[in-house]
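*Asks:* Provided herewith is a single structure, encoded as structure tokens, for subsequent inquiry.
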Amino acid sequence: MEKNQSCIIGVDVGGTNTDAVIIREGNVFAWAKSPTSDNVTTGVINAITTCINKAQDKLTDIALTNSICRINIGTTHFINAVIQRRSLAKVAIIRLCRPASTTLPPFSEFPQDLEACINGGIYMVKGGYEFDGRAISEIDTDEIKHCIQDIMDHNIRNIVVSGVFSPVNPQQEKDCASIIHQIFPHCSITMSHTIGHISILERENAAILNESLKPLCYHTINAFRQALSDLNFQCPFYLTQNDGTLISSKQAIQFPVLTFASGSTNSMRGAVYLSGVKDAIVIDIGGTSADVGTIVKGFPREASTRIQVGGVKTNFRLPDVLSIALGGGSIVKQENQHITIGPVSVGFQLLQKALVFGGDTLTTSDIAVAAGLVDMGEKSRVSHLQPELIQKAMNQMKMMLENAIDQVKISVSDVPLILVGGGSVLVNSKDTIQGASTVKLPPYYYVANAVGAALSQISGSIDQVVDLESVERDEAIEQCKSQAISFAVNNGADPSAVEVVEVTELPVTYVAGKALRIKIKAVGDLLLTDTDKLSNAQPTSEGMQNLSTEKSASMKDSEMESELTMKPPTIDPSTGEWLLNEWDIECISIGAGILGCGGGGSPYIGRLRAKRALKEGKKIRVINAHRLGSITNQSGYAVTVAFMGAPLIELEKLSSGDETKNALLGVETLLKANLIPDRNCNALHQADKGNIFITGANLDKPIVDADGMGRAFPELQMFTPTIYGENSCPCCLADCKGNNAISLSCRSAKDLENFMRKHVIQMGCYSGLAFCPMKPSEVLSKCILGSISRSHRLGEAVLTARKNASSPVDAILEKEAGRLLITGKVCDVNRMISGGFITGLIKIQGFTQCEKLDVEIEFQNENLLARSISAGNKAQILACVPDLISIVDSDTGEPITTDNIKYGLRVSVMAIPCASLLRKPEALKVVGPQAFGYDQSVQYQPMPEMIETPRILPLP
């Protein structure tokens, strides 16, 4: 590097301080801290100026401002705007989706106050793709032009374009954006594929937040640019991203959400550079809390779950960080020989309130001084502390860190631990910490965040679903790698220094191994050219004029307003029907997840659809199965309705609301054509988790409080009416376009499964399914009764336990006469793909009374078998199919699916008795252990009989 371009400035804006460093020839040359200002810019400039002045004293031959090649800034300014509901622009969104994905429009998950700030209009038009890149429908130029005219009439300048499966094929989003710009050249557009990954609602949410922040980002970037120019800097400046890489100031104006979580990321990247360790746990301890995260190949591990920002679920790149209430200002209390640390902290008032600084509050910093870990304040002020108190507090802090380390680790092996942040003085780096192979406190640990900002690189990433029938796996991965590298180079990386740092393969379940989700990230050093300099020219201002400065309710207030309150079930006295409300939907959703045994997909989408239907004034009615046939002028027949396909597809290609309706109409048409008119459907019978509710609401038909599994199973032949001789044909599969696949007869239920599975793939892996209607007597004798009531009781028990701060696990067991198999930590997860299903093994290490016990759980989409493994003893089967094996979060009781289970989770595993219909010999042939490939050494040993759930609905 040339002499006049030998320095980089890194800045990180924190809640209390803004840190700055100057890196010269790879070393920290100077550093400074300055109080963070309300307008952000002042604090940044003060920190840079102080740092420059310190460094200039070491240089006498050149002006330091001329030797700076770039300035990298990490800021929380934009995420704070979302949380505080301020300075957000109105946004219109055009979703390319019809005829699919219409039942859940954009903004469906937004808190009401935030939607009021941002929603500038919703337009759902033709377009979108299937998972394999085939068009659902082509975009209609005239339709888009009509939308744009309406947007212009409402004086909205910020627009989001979102297409179904645009991460697989972004062409329609690009074409739509081009049409918009031809008509409305001065608007600003965010295309969703540039922001998030697969899962359309979360990607749209992220794109909407991004577009709403553009005006604020425009003004902030200009303020930075002007302030740096006033300091005579000629170099370019960049912002740090959530994934530990850089984005240019010009790009940041287009993608402000990519900077949301740069603070914790910068700390982890700085820890890597200062310690020289690329695979480790990093703990950044501040004044109030500690952020704990995992570094893999030098970069923070990306969160695999939805991340909430300001009460909105998103799925763009964010680090997987665990925050715990341990900081330098955490208050220490002793009650009856018991020590508690936090969550309350004196925070920025440490210098006034801590004992060593003359205050009257015992803090963790006081403990560190008394223990001889750090010299600050007046040590004599803590000389009265008893050694026992000091040791207990140190042990408590150590235990908090060890627990956090265990939760973020990705394997059972010990890994290096790197401590950064000013609060790192709380930890004795020479002590042995469980889970850590070594403990490092690197030089300049107190400004690691600014170091990380200074040395960030450039990245490119891709997230696609590929059809392995049209391309070989290795070829598909290489193609995705090339695209990720190309994106990194286009973003400014040096082509000669780009490398792939992450490759993730996720099979798409229920698709016979033919679809694969591939996620790849490439990273390289920034390539600077002679033209890279701080430009005084204003960036494009399209869409930046309608900046709102209004402030709505805070996130906390919003969450309080939206909190659900418990409501008793509403029974219509004239019909005996149960009219569901939002509380009922929430309860049923949680309960269905528990009964799902880790499979069947998440009830999340079904819950959103049902709540949406209620808000639209539709009714969701549930009836007791004994009422079938007792309603005047109705036959009493009930038809089984379900969605068939892959859970991943459902998150991206949402329902149109017509799939199950068209399937039902297809069956009725076939019956009439065969002169069996008396089998017209008067009620719906469920076969999946909650999605039937939207069908009942749309058709205004009641839903029978019964189902055909009482749990989740992966295939159609595992349906109790089928097991006990009920003919499912005629059967109809229907997609959102009106295409039907029909089976008039089938040799066996397994053949029907294979036939329908083949056609559902052609329909985009997501379709509605309807079977031949059943007589009331067949429902009563061949179905599992009271399943909706059972789900409701379970979910209500969990929610009530949370509210009362009692154990939700105990509440579940009490309701179900279940048996707790283990409470512990997930210490290993092994997955593989077989026949379109995810199979694998989960290993759980026990806590407390279970501490000498390990449990292994084998799964095929759903949990199949649990066995105990203890030292010196033979493995013992604890439970197996068809009894239910459910894994829930130990603290919240939230059910965890097999595709979301991961190392470090604290879980409770329960065995719950299945329905009696699943225990009979004819059923065990289809749903017992041998049906899933186990040999005769695995025999089903039934649990005690299932508790008969008190029905919410009265008998007629």
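Residues are listed down the side, and each one gets a yes or a no for (1) farther than 27 Å from H792 by Cβ; (2) of a type in the set (F, W, Y); (3) at pLDDT 90 or above:
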| site | (1), (2), (3) |
| --- | --- |
| I857 | no, no, yes |
| V881 | no, no, yes |
| L905 | no, no, no |
| K925 | yes, no, yes |
| Q930 | yes, no, yes |
| V938 | yes, no, yes |
| P942 | no, no, no |
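*Asks:* Residues that are touching a Cys at 6+ places or on another chain (Cβ under 7 Å), over 21 Å from K615 (Cβ atoms) and in contact (Cβ under 8 Å) with a residue 40 or more places away in the chain: list the strands (runs of 3 or more DSSP E) wholly contained in segment 63-143 that include at least 3 such residues.
*Replies:* Because the criterion is at least 3 residues that are touching a Cys at 6+ places or on another chain (Cβ under 7 Å), over 21 Å from K615 (Cβ atoms) and in contact (Cβ under 8 Å) with a residue 40 or more places away in the chain, the strands (runs of 3 or more DSSP E) in segment 63-143 that meet it are 68-74.
*Asks:* Working carefully through the options A663, A646, find the one that is at pLDDT 90 or above and open to solvent by less than 10 Å² (accessible area, probe 1.4 Å).
*Replies:* Testing whether each residue is at pLDDT 90 or above and open to solvent by less than 10 Å² (accessible area, probe 1.4 Å) leaves just A663.
*Asks:* Can you find even one residue in segment 285-295 that is open to solvent by 10 Å² or more (accessible area, probe 1.4 Å), closer than 18 Å to V44 by Cα and either in contact with a Ser or Thr (Cβ under 7 Å, 6 or more places away or on another chain) or at pLDDT 85 or above (or both)?
*Replies:* Scanning segment 285-295 turns up no residue that is open to solvent by 10 Å² or more (accessible area, probe 1.4 Å), closer than 18 Å to V44 by Cα and either in contact with a Ser or Thr (Cβ under 7 Å, 6 or more places away or on another chain) or at pLDDT 85 or above (or both).
*Asks:* Against the definition (part of a helix (DSSP H, G or I), touching an Asp or Glu at 6+ places or on another chain (Cβ under 6 Å) and in contact (Cβ under 8 Å) with a residue 12 or more places away in the chain), how does V356 come out, yes or no?
*Replies:* yes
*Asks:* Note down all Cβ pairs under 8 Å where the first residue falls in segment 637-649 and is in contact (Cβ under 8 Å) with a residue 24 or more places away in the chain, the second is basic (K, R) and surrounded by fewer than 24 Cβ atoms within 10 Å (Cβ to Cβ), and they're at least six residues apart or on different chains.
*Replies:* Y637/R679; Y637/K775; M644/R757; L648/R517
*Asks:* Do the conditions hold for F713, that is, is it assigned to a helix (DSSP H, G or I) and among the aromatic types (F, W, Y)?
*Replies:* Spelling it out, it is not the case that F713 is assigned to a helix (DSSP H, G or I) and among the aromatic types (F, W, Y).
*Asks:* Out of all the residues in segment 78-88, which are touching a strand residue (DSSP E or B) at 6+ places or on another chain (Cβ under 8 Å) and buried (at least 24 other Cβ atoms within 10 Å of the Cβ)?
*Replies:* Listed by number, the residues that qualify are V82, R85.
*Asks:* Quick check, is I433 of a type in the set (V, I, T) and within 30 Å of N830 (Cα to Cα)?
*Replies:* Taking the combined requirement at face value, the residue satisfies it.
*Asks:* Quickly run through segment 320-334 and pick out the residues that are of a type in the set (D, E, K, R), under 16 Å from I283 (Cβ atoms) and modelled with pLDDT of 85 or more.
*Replies:* None; the set is empty.
*Asks:* Kindly check whether there is at least one residue in segment 336-352 that is open to solvent by 50 Å² or more (accessible area, probe 1.4 Å), under 23 Å from A280 (Cβ atoms), out of contact with any Phe, Trp or Tyr (no Cβ under 9 Å at 6 or more places or on another chain) and not in a strand (DSSP E or B).
*Replies:* So far as segment 336-352 goes, no, none of its residues is open to solvent by 50 Å² or more (accessible area, probe 1.4 Å), under 23 Å from A280 (Cβ atoms), out of contact with any Phe, Trp or Tyr (no Cβ under 9 Å at 6 or more places or on another chain) and not in a strand (DSSP E or B).
*Asks:* Are any residues in segment 360-380 among the charged types (D, E, K, R) and surrounded by 14 or more Cβ atoms within 10 Å (Cβ to Cβ), and if so, which ones?
*Replies:* Answer for segment 360-380, where residues must be among the charged types (D, E, K, R) and surrounded by 14 or more Cβ atoms within 10 Å (Cβ to Cβ): D366, K379.
*Asks:* Sticking with this one: Within segment 144-165, can you find the residues that are outside any helix (DSSP H, G or I), in contact with a helix residue (DSSP H, G or I) (Cβ under 7 Å, 6 or more places away or on another chain) and more than 10 Å from C176 (Cβ to Cβ)?
*Replies:* N158, V160, V164, F165
*Asks:* So, in segment 179-209, exactly how many residues are on the phi > 0 side of the Ramachandran plot and part of a helix (DSSP H, G or I)?
*Replies:* The total comes to 0.
*Asks:* Exactly one of these conditions fails for L322: (1) crowded, with 23+ Cβ neighbours inside 10 Å; (2) in contact with a strand residue (DSSP E or B) (Cβ under 6 Å, 6 or more places away or on another chain); (3) closer than 25 Å to K398 by Cβ; (4) of a type in the set (A, V, I, L, M, F, W, C). Give me its number.
*Replies:* (1)
*Asks:* Restrict the check to segment 633-642 and report whether at least one residue is in the same structural domain as C732 (by the TED database), at pLDDT 85 or above, under 28 Å from D889 (Cβ atoms) and in contact with a strand residue (DSSP E or B) (Cβ under 6 Å, 6 or more places away or on another chain).
*Replies:* Among the residues of segment 633-642, at least one is in the same structural domain as C732 (by the TED database), at pLDDT 85 or above, under 28 Å from D889 (Cβ atoms) and in contact with a strand residue (DSSP E or B) (Cβ under 6 Å, 6 or more places away or on another chain), which makes the answer yes.
*Asks:* If the Cβ limit is 7 Å and pairs must be 6+ apart or interchain, which residue in segment 470-499 that is in the same structural domain as A522 (by the TED database) pairs with which residue that is surrounded by fewer than 12 Cβ atoms within 10 Å (Cβ to Cβ)?
*Replies:* Close Cβ pairs satisfying both conditions: V489/P495.
*Asks:* Check segment 117-138 and report whether any residue there is among the polar types (S, T, N, Q), farther than 30 Å from A81 by Cα and in contact with a helix residue (DSSP H, G or I) (Cβ under 9 Å, 6 or more places away or on another chain).
*Replies:* Within segment 117-138 (the criterion being among the polar types (S, T, N, Q), farther than 30 Å from A81 by Cα and in contact with a helix residue (DSSP H, G or I) (Cβ under 9 Å, 6 or more places away or on another chain)), the answer is no, since none of the residues qualifies.
*Asks:* Still on this structure, I have one more. Going residue by residue through segment 33-56, is there one that turns out to be assigned to a strand (DSSP E or B) and open to solvent by less than 30 Å² (accessible area, probe 1.4 Å)?
*Replies:* yes
*Asks:* Among helices (runs of 4 or more DSSP H) lying entirely in segment 535-632, which contain 2 or more residues that are modelled with pLDDT under 80 and surrounded by fewer than 19 Cβ atoms within 10 Å (Cβ to Cβ)?
*Replies:* Working: elements: 555-561, 582-595, 604-615.
Fully inside segment 535-632 and qualifying: 555-561.
*Asks:* Name the residues in segment 171-182 that are of a type in the set (A, V, I, L, M) and open to solvent by 60 Å² or more (accessible area, probe 1.4 Å), would you? It would help to see each step written out before you state the result.
*Replies:* From segment 171-182, those of a type in the set (A, V, I, L, M) are 177, 179-180; that's our starting set.
None; the set is empty.
*Asks:* Residue by residue through segment 906-936, note down the ones that are surrounded by fewer than 19 Cβ atoms within 10 Å (Cβ to Cβ), touching a residue at least 60 places away in the same chain (Cβ under 8 Å) and either of a type outside the set (F, W, Y) or touching a Lys or Arg at 6+ places or on another chain (Cβ under 6 Å) (or both).
*Replies:* Correct list: R906, E922, A931.
*Asks:* What's the total number of residues in segment 886-935 that are farther than 16 Å from A811 by Cα, within 30 Å of the chain's Cα centre (by Cα) and outside any loop (DSSP other than H, G, I, E, B)? I'd like the intermediate steps shown before the answer.
*Replies:* Initially, segment 886-935 is screened for residues farther than 16 Å from A811 by Cα, giving 896-906, 914-935.
Narrowing further to those that are within 30 Å of the chain's Cα centre (by Cα): 896-906.
Narrowing the set further to residues that are outside any loop (DSSP other than H, G, I, E, B) leaves 906.
Final tally of qualifying residues: 1.
*Asks:* Okay, next question. Looking only at segment 858-885, which residues are assigned to a strand (DSSP E or B) and open to solvent by less than 30 Å² (accessible area, probe 1.4 Å)?
*Replies:* Taking segment 858-885 first, the residues assigned to a strand (DSSP E or B) are 858-860, 862-869, 876-880, 884-885.
Hits for segment 858-885 are F859, E862, N863, L864, L865, A866, S868, A879, C880, L884, I885.
*Asks:* Taking the condition of being touching a Lys or Arg at 6+ places or on another chain (Cβ under 7 Å) and at pLDDT 85 or above, how many residues in segment 394-411 meet it?
*Replies:* 0
The values are calculated or read from the model by the stated rules, or taken from the named source; none is laboratory data. What you see is a predicted model; the values in this text were computed from it and never measured. No Cβ is skipped: glycine too gets one built from the backbone with ideal geometry, and neighbour counts run over all protein chains shown. Heavy atoms of the whole protein, side chains included, go into the accessibility calculation; ligands, DNA and RNA do not. Shrake-Rupley method; radii C 1.70, N 1.55, O 1.52, S 1.80 Å.
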